[in-house]
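Enquirer: Just dropping this structure here.
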Amino acid sequence: MFKKLLDNHKLGGLNCLFWKNGQIVYLESSGYKNLETQEPMNIDTLFRIASMTKPITAVLTMMLWEEQKLDLSDPITQWFPQFRHMQVLKNQQGEYEDAKRQITVLDLLTHRAGFTYSEFQKGKLRADYLRVLGGDIDSELTNEHWINGLASLPLVNQPGELFNYGRSSDLLGILLATIEGKPLSKVMEEKIFAPLGMSDTFFEVPDHKKSRCASNFGYDESGNLVNLETVPLNMAFKERPPGLTYESGGQGLWSTIGDYLKFATLFAQNGSSNGVQLLKPESIDTMCTNQLTATQRAESTLMDNPIFSEHYGFGMGLAVVMKESKYGSIPCSGSLGSVGWPGSYGGWWSADPVKKTVSLFLTHSMTEPQQIAQGIGFELYEAIDIFSNFCKKHS
């Protein structure tokens, strides 16, 4: 399916599968796991799934909500009083105003808290995010220092006002860990990974599994495929040192296509996967219900491009199809009510509860923001479109 892109060295290697009514009906593993050694891609290859971490953090949030350990309307100051008196950036000239209300758990789930990512900003705020918080994936800060740092930065919108993609899921992950009194990795392992049999999903790859990791495929200045030393913008360390306490609930996980399938099928089977009812059907329905207003959907952008417009909304940690698109596949695709959320390093998935299907695509295609602006790496989206259209035809 992807031979031309692989032969032309526009993609290094990939795994994809299409699951329907409880069965894998298409499975492909193509290209290389490592460009330099020419090791072939394997179906058990480990990938950085980046923002495909966010839906897992969202499911964990809903599990604690079912357990009545939190309410979606709870202000986060209940756990982190540092956020009691937040400043909101009024304009790029650096004028501020006071936040009109407290940030809630729901604001974090829907990216309406007012947090952002450094790469989406310019000038002082961009520099401050990088200086105060460290990398998006790996940070040497303790959770407490990270929280204090985030609370010291201004919000880019009033809480609840707009969708602004950013560090909300990271804070949410620390909040869940705080409630449980354990590291986020331990909470995810106990509540999601172990019950679903996801033995290859973690924040830190065990030594005996590191040989299964896909190398960091990226592009040089001319758009040629190369192995990168580390991920773009130095968001992660080349080797995560032992003892880091910060774990990114927004983009920190590694996984395999088989493991992520066990998670994604929750959304095609009313909260059940691998014989385990992880969430109640009504909780899944709540997650998959658009939370954004029409104005928020229309005005939401990512890298200056519209995200949702008429076809998509955003539920809790994932996008929701609100109008079927014949061709579109980003951020997800399928029947009305289908959900998914891509990862910046090349991962993509959609779950369709109407047709009982899951489409999954994993690769490493790591581009710098300025490369994307130059059109470098766009073949990734071509590949996702090819795969998405194939899945639609066979649904």
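Enquirer: For the range 85-125, which positions are open to solvent by 80 Å² or more (accessible area, probe 1.4 Å) and not in a loop (DSSP other than H, G, I, E, B)?
Expert: Our first condition is that a residue be open to solvent by 80 Å² or more (accessible area, probe 1.4 Å); within the range 85-125, this holds for 85, 90, 92-93, 95-96, 98, 100-101, 122, 124.
Answer for the range 85-125, where residues must be open to solvent by 80 Å² or more (accessible area, probe 1.4 Å) and not in a loop (DSSP other than H, G, I, E, B): 96, 98, 124.
Enquirer: For the range 1-16, give me each residue that is in contact with a helix residue (DSSP H, G or I) (Cβ under 6 Å, 6 or more places away or on another chain) and open to solvent by less than 30 Å² (accessible area, probe 1.4 Å).
Expert: Within the range 1-16, 2, 5, 11, 15, 16 qualify.
Enquirer: Kindly provide the set of residues from the range 23-39 that are touching a residue at least 24 places away in the same chain (Cβ under 8 Å) and closer than 22 Å to residue 272 by Cβ, ordered by number.
Expert: Selection gives 24, 25.
Enquirer: I'm trying to understand the selection: among the residues of the range 59-82, which are part of a helix (DSSP H, G or I) and under 24 Å from the mean Cα position of the chain (by Cα)?
Expert: Going through the range 59-82, the residues part of a helix (DSSP H, G or I) turn out to be 59-66, 76-78, 81-82.
59, 60, 61, 62, 63, 64, 65, 66, 76 - these are the residues of the range 59-82 that are part of a helix (DSSP H, G or I) and under 24 Å from the mean Cα position of the chain (by Cα).
Enquirer: OK, next. All but one of (1) touching a helix residue (DSSP H, G or I) at 6+ places or on another chain (Cβ under 8 Å); (2) under 28 Å from residue 43 (Cβ atoms) hold for residue 391; which doesn't?
Expert: Unmet for residue 391, out of (1) touching a helix residue (DSSP H, G or I) at 6+ places or on another chain (Cβ under 8 Å); (2) under 28 Å from residue 43 (Cβ atoms): (1).
Enquirer: A further question on this structure: When you scan the range 257-283, how many residues do you find that are out of contact with any Pro (no Cβ under 7 Å at 6 or more places or on another chain), open to solvent by 10 Å² or more (accessible area, probe 1.4 Å) and either among the polar types (S, T, N, Q) or touching a residue at least 60 places away in the same chain (Cβ under 8 Å) (or both)?
Expert: Here is the first cut: in the range 257-283, the ones out of contact with any Pro (no Cβ under 7 Å at 6 or more places or on another chain) are 257-266, 269, 272-275, 277, 279-283.
From the residues that got through so far, the ones that are open to solvent by 10 Å² or more (accessible area, probe 1.4 Å) too are 258, 261-262, 269, 272, 274-275, 277, 280-282.
Now restrict to residues that are either among the polar types (S, T, N, Q) or touching a residue at least 60 places away in the same chain (Cβ under 8 Å) (or both): 258, 261-262, 269, 272, 274, 277, 280.
Here the count works out to 8.
Enquirer: Restricting the range 293-334 to residues that are out of contact with any strand residue (DSSP E or B) (no Cβ under 8 Å at 6 or more places or on another chain) and assigned to a strand (DSSP E or B), which is modelled with the highest pLDDT?
Expert: Only one residue fits best here, namely 306.
Enquirer: Return the residues of the range 130-150 that are within 16 Å of residue 103 (Cβ to Cβ) and either in contact with a strand residue (DSSP E or B) (Cβ under 7 Å, 6 or more places away or on another chain) or surrounded by fewer than 17 Cβ atoms within 10 Å (Cβ to Cβ) (or both); say none if nothing qualifies.
Expert: 148
Enquirer: Here is a further query. I need the full set of residues from the range 244-266 which are among the hydrophobic types (A, V, I, L, M, F, W, C) and more than 18 Å from residue 194 (Cα to Cα), in order please. Give the steps one after another, and end with the answer.
Expert: The first filter runs over the range 244-266 and keeps only residues among the hydrophobic types (A, V, I, L, M, F, W, C), leaving 244, 253-254, 257, 261, 263-264, 266.
244, the sole residue that qualifies.
Enquirer: Write out, first by first residue and then by second, each pair whose Cβ atoms fall under 8 Å of each other, whose residues are 6+ apart or on separate chains, and whose first residue, in the range 364-375, is in contact (Cβ under 8 Å) with a residue 24 or more places away in the chain while the second is of a type in the set (Lys, Arg) and buried (at least 16 other Cβ atoms within 10 Å of the Cβ).
Expert: These pairs meet every condition: 364/48.
Enquirer: Right, something else. Name the single residue that is surrounded by the fewest Cβ atoms within 10 Å (Cβ to Cβ) among those in the range 163-202 being within 18 Å of residue 273 (Cβ to Cβ) and of a type in the set (Asp, Glu).
Expert: 190
Enquirer: For the range 193-226, which positions are in a helix (DSSP H, G or I) and in contact with a Phe, Trp or Tyr (Cβ under 7 Å, 6 or more places away or on another chain)?
Expert: Result: 196, single match.
Enquirer: If the Cβ limit is 8 Å and pairs must be 6+ apart or interchain, which residue in the range 41-57 that is in contact (Cβ under 8 Å) with a residue 24 or more places away in the chain and part of a loop (DSSP other than H, G, I, E, B) pairs with which residue that is among the charged types (D, E, K, R) and surrounded by 24 or more Cβ atoms within 10 Å (Cβ to Cβ)?
Expert: Matching pairs, first to second residue: 41/33; 42/33; 45/33.
Enquirer: While we're here: Could you tell me how many of the residues in the range 322-340 are in contact with a Gly (Cβ under 9 Å, 6 or more places away or on another chain) and either of a type in the set (Lys, Arg) or open to solvent by 10 Å² or more (accessible area, probe 1.4 Å) (or both)?
Expert: Residues that pass the stated criteria total 4.
Enquirer: Just name the residue that is modelled with the lowest pLDDT out of those in the range 243-264 that are outside any helix (DSSP H, G or I) and in contact with an Asp or Glu (Cβ under 7 Å, 6 or more places away or on another chain). Quick ask: steps written out before the conclusion?
Expert: Going residue by residue through the range 243-264, those that are outside any helix (DSSP H, G or I) are 243-256.
From the residues that got through so far, the ones that are in contact with an Asp or Glu (Cβ under 7 Å, 6 or more places away or on another chain) too are 244, 248-251, 255-256.
Working: 244: 91, 248: 98, 249: 98, 250: 98, 251: 97, 255: 98, 256: 98.
Top of the filtered list is 244.
The values are calculated or read from the model by the stated rules, or taken from the named source; none is laboratory data. Computed from a predicted model, the values in this text were never measured in an experiment. We place every Cβ from the backbone using ideal geometry, glycine too, and count neighbours over all the protein chains shown. These accessible areas exclude ligands, DNA and RNA; they are computed on the full protein's heavy atoms, side chains included. Shrake-Rupley method; radii C 1.70, N 1.55, O 1.52, S 1.80 Å.
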